[in-house]
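**Student:** Sending over a structure as structure tokens; questions will come in a sec.
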Amino acid sequence: MTVANYLGEISAFGTVFCWVICSIAFESAGKKIGSMPVNIIRLVMAFIFISIFTLFSRGLFFPVDATPKSWFWLSLSGVVGLFIGDLCLFRAFVLIGSRISLLIYSLAPPISALLGFFMFKETMSIYAIVGMFITIFGIGLVILKKDNKRYKFSHPLEGVLLAIIGAVGQAFGIGLSKLGMALESGGTYDPIASTQIRIISATVCFIILFFITKRWSYVFKSFKDLKAIGDVAIGSFFGPFIGVTLSLVAITYTSMGIASTITSILPVAIIVPHVFIYKTKIFKREVFGAIVAVFGVSLLFI
């Protein structure tokens, strides 16, 4: 066995590393300049990063070699995942923080498993069903608390709901990406170029949204905060550029189930920098809930 045999799995682990960095960077930037400016700025930056890379790697600055079918499904994936999903997730970052948001984001693998079953005929076992309930239970341990014999949310409800919508958007976005990268000839379209198309469609959506809401002034004012823009640049490099591309490489060379299982360790992985770098106080219940959620996701694909 060579490294090439595990390219999908290695890419999935790389995705986790990238998302830890970009999540912290985007949370920091969002609290300074707002989540909406962060969204559109990071997409523009990511597009520039990717386009320069593809110019040297593929000889194309723009994905003109994609088929109409690929453009349709990948564009739809960008709208669902990078526009709707990330719009909600980044707002959740501001309201409840990246750590809790990404734990709730653990719902994406169970949703991906269901999509894989219905869209790609991927099998689901009894372990998968049990794993879904365990994942939900683990998340519940963190976001719910008992007060006077009644359970209530331990974090702002708006942030929790937005993170859930983000998870749904992520799952559907990845599923649509797999459709977009599947060529008629049986091969797969380039994952990096696929990311370009997803970013283009999401950027167009944000441009339309900013015109409708008349929020362009917020974007222009954001550039006065160089620290925030630096955070966005770091997040853009490791997130929409490296992270998203690696996630597409992962599902290209392994099943959605395996890729989702590996990336599901993100809620546990992100605890490490919060504890050792930012000295964030982490409750035992939160650590236990994150571990339970990850264990539940791992059962999905046995």
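**Student:** So which residues in the range 247-300 are β-branched (Val, Ile, Thr) and either in contact with a Lys or Arg (Cβ under 6 Å, 6 or more places away or on another chain) or under 18 Å from Ile111 (Cα atoms) (or both)? Talk me through it step by step, then tell me what you get.
**Tutor:** So the first thing to find is which residues in the range 247-300 are β-branched (Val, Ile, Thr), and the list is 249, 251-252, 254, 258, 261-263, 265, 268, 270-272, 275, 277, 280, 282, 287, 291-292, 294, 297.
Of everything in the range 247-300, those that are β-branched (Val, Ile, Thr) and either in contact with a Lys or Arg (Cβ under 6 Å, 6 or more places away or on another chain) or under 18 Å from Ile111 (Cα atoms) (or both) turn out to be Ile251, Thr254, Ile258, Thr261, Ile262, Thr263, Ile265, Ile270, Val292, Val294, Val297.
**Student:** Scanning for something assigned to a loop (DSSP other than H, G, I, E, B), of a type in the set (Val, Ile, Thr), at negative phi and modelled with pLDDT under 90, does the range 178-195 turn up at least one residue?
**Tutor:** The initial filter retains those residues of the range 178-195 that are assigned to a loop (DSSP other than H, G, I, E, B), namely 183-187, 189-190.
Now narrow it down to the ones that are of a type in the set (Val, Ile, Thr): none.
No, the range 178-195 contains no residue that is assigned to a loop (DSSP other than H, G, I, E, B), of a type in the set (Val, Ile, Thr), at negative phi and modelled with pLDDT under 90.
**Student:** If I filter the range 139-155 down to residues being more than 23 Å from Gly81 (Cβ to Cβ) and either modelled with pLDDT of 85 or more or aliphatic (A, V, I, L, M) (or both), which single residue comes out as surrounded by the fewest Cβ atoms within 10 Å (Cβ to Cβ)?
**Tutor:** Initially, the range 139-155 is screened for residues more than 23 Å from Gly81 (Cβ to Cβ), giving 140-142, 144-155.
From what is left, the residues that are either modelled with pLDDT of 85 or more or aliphatic (A, V, I, L, M) (or both) are 141-142, 144.
Details: Leu141: 20, Val142: 24, Leu144: 16.
If we take residues in the range 139-155 being more than 23 Å from Gly81 (Cβ to Cβ) and either modelled with pLDDT of 85 or more or aliphatic (A, V, I, L, M) (or both), then Leu144 is surrounded by the fewest Cβ atoms within 10 Å (Cβ to Cβ).
**Student:** Considering every residue within the range 30-43, establish whether at least one is among the basic types (Lys, Arg), part of a helix (DSSP H, G or I), at pLDDT 90 or above and surrounded by 22 or more Cβ atoms within 10 Å (Cβ to Cβ).
**Tutor:** Checked the range 30-43: at least one residue is among the basic types (Lys, Arg), part of a helix (DSSP H, G or I), at pLDDT 90 or above and surrounded by 22 or more Cβ atoms within 10 Å (Cβ to Cβ).
**Student:** Sticking with this one: Based on this model, can you work out whether Thr67 counts as of a type in the set (Val, Ile, Thr), surrounded by fewer than 16 Cβ atoms within 10 Å (Cβ to Cβ), more than 23 Å from the chain's Cα centre (by Cα) and modelled with pLDDT under 75? So that I can check it myself, show each step before the final result.
**Tutor:** Numbers: of a type in the set (Val, Ile, Thr): yes; surrounded by fewer than 16 Cβ atoms within 10 Å (Cβ to Cβ): yes; more than 23 Å from the chain's Cα centre (by Cα): yes; modelled with pLDDT under 75: no.
So Thr67 fails the test.
**Student:** For Gly235, only one of the following conditions fails: (1) under 17 Å from the mean Cα position of the chain (by Cα); (2) touching a residue at least 40 places away in the same chain (Cβ under 8 Å); (3) under 21 Å from Phe133 (Cα atoms). What is its number?
**Tutor:** Status for Gly235: all satisfied but (3).
**Student:** Suppose we filter Asp231, Asp225 for residues that are within 25 Å of Ile24 (Cβ to Cβ), acidic (Asp, Glu) and buried (at least 17 other Cβ atoms within 10 Å of the Cβ); which single one remains? Before you say what the answer is, go through the steps one by one.
**Tutor:** Values: Asp225 fails: buried (at least 17 other Cβ atoms within 10 Å of the Cβ).
That would be Asp231, the only listed residue that is within 25 Å of Ile24 (Cβ to Cβ), acidic (Asp, Glu) and buried (at least 17 other Cβ atoms within 10 Å of the Cβ).
**Student:** Hey, another quick one. Could you identify the single residue in Gly230, Gly243 that is in contact (Cβ under 8 Å) with a residue 40 or more places away in the chain and out of contact with any strand residue (DSSP E or B) (no Cβ under 8 Å at 6 or more places or on another chain)? Please lay out each step first, then the result.
**Tutor:** On the way: Gly230 fails: in contact (Cβ under 8 Å) with a residue 40 or more places away in the chain.
Being in contact (Cβ under 8 Å) with a residue 40 or more places away in the chain and out of contact with any strand residue (DSSP E or B) (no Cβ under 8 Å at 6 or more places or on another chain) holds for just one of Gly230, Gly243, which is Gly243.
**Student:** Does the range 245-264 hold any residues that are part of a loop (DSSP other than H, G, I, E, B) and over 13 Å from the mean Cα position of the chain (by Cα), and which are they? Give the steps one after another, and end with the answer.
**Tutor:** Of the range 245-264, the ones part of a loop (DSSP other than H, G, I, E, B) are 254-255, 264.
Passing the criteria: Thr254, Ser255.
**Student:** Please tell me if Gly235 is over 25 Å from Met119 (Cα atoms), modelled with pLDDT of 80 or more, in contact with a Gly (Cβ under 6 Å, 6 or more places away or on another chain) and not hydrophobic (A, V, I, L, M, F, W, C).
**Tutor:** Details: over 25 Å from Met119 (Cα atoms): yes; modelled with pLDDT of 80 or more: yes; in contact with a Gly (Cβ under 6 Å, 6 or more places away or on another chain): no; not hydrophobic (A, V, I, L, M, F, W, C): yes.
Spelling it out, it is not the case that Gly235 is over 25 Å from Met119 (Cα atoms), modelled with pLDDT of 80 or more, in contact with a Gly (Cβ under 6 Å, 6 or more places away or on another chain) and not hydrophobic (A, V, I, L, M, F, W, C).
**Student:** Going residue by residue through the range 282-291, is there one that turns out to be without any contact (Cβ under 8 Å) to a residue 24 or more places away in the chain and of a type in the set (D, E, K, R)?
**Tutor:** Yes.
**Student:** Got at least one residue in the range 203-213 being closer than 16 Å to Ser23 by Cα, out of contact with any Pro (no Cβ under 6 Å at 6 or more places or on another chain), at pLDDT 90 or above and of a type in the set (A, V, I, L, M)? Give the derivation first.
**Tutor:** From the range 203-213, those closer than 16 Å to Ser23 by Cα are none; that's our starting set.
No, because not a single residue in the range 203-213 is closer than 16 Å to Ser23 by Cα, out of contact with any Pro (no Cβ under 6 Å at 6 or more places or on another chain), at pLDDT 90 or above and of a type in the set (A, V, I, L, M).
**Student:** What is the number of the single condition among (1) among the aliphatic types (A, V, I, L, M); (2) without any contact (Cβ under 8 Å) to a residue 60 or more places away in the chain; (3) over 26 Å from Asp65 (Cβ atoms); (4) surrounded by 15 or more Cβ atoms within 10 Å (Cβ to Cβ) that Val219 does not meet?
**Tutor:** (2)
**Student:** Mind checking which residues of the range 101-125 are surrounded by fewer than 17 Cβ atoms within 10 Å (Cβ to Cβ) and among the polar types (S, T, N, Q)?
**Tutor:** Those that are surrounded by fewer than 17 Cβ atoms within 10 Å (Cβ to Cβ) and among the polar types (S, T, N, Q): Thr123, Ser125.
**Student:** Another one. Under the condition of being of a type in the set (Val, Ile, Thr) and assigned to a helix (DSSP H, G or I), which residue from the range 65-84 is nearest to Leu162 (Cα to Cα)? I'd like the intermediate steps shown before the answer.
**Tutor:** Step one: filter the range 65-84 for residues of a type in the set (Val, Ile, Thr), giving 67, 79-80, 84.
After this cut, where a residue has to be assigned to a helix (DSSP H, G or I) as well, the list is 79-80, 84.
Values: Val79: 16, Val80: 14, Ile84: 10 Å.
Applying the filter and picking the extreme gives Ile84.
**Student:** Considering Phe26, Phe47, Phe13, Phe56, which residue is part of a helix (DSSP H, G or I), farther than 25 Å from Val79 by Cβ, out of contact with any strand residue (DSSP E or B) (no Cβ under 9 Å at 6 or more places or on another chain) and in contact (Cβ under 8 Å) with a residue 12 or more places away in the chain? Give the steps one after another, and end with the answer.
**Tutor:** Values: Phe26 fails: farther than 25 Å from Val79 by Cβ; Phe47 fails: farther than 25 Å from Val79 by Cβ; Phe56 fails: in contact (Cβ under 8 Å) with a residue 12 or more places away in the chain.
The conditions single out Phe13.
The values are calculated or read from the model by the stated rules, or taken from the named source; none is laboratory data. Given the structure is predicted, the values throughout are model-derived calculations rather than measurements. Glycine gets a Cβ as well: all are built from the backbone with ideal geometry, and neighbour counts include every protein chain shown.
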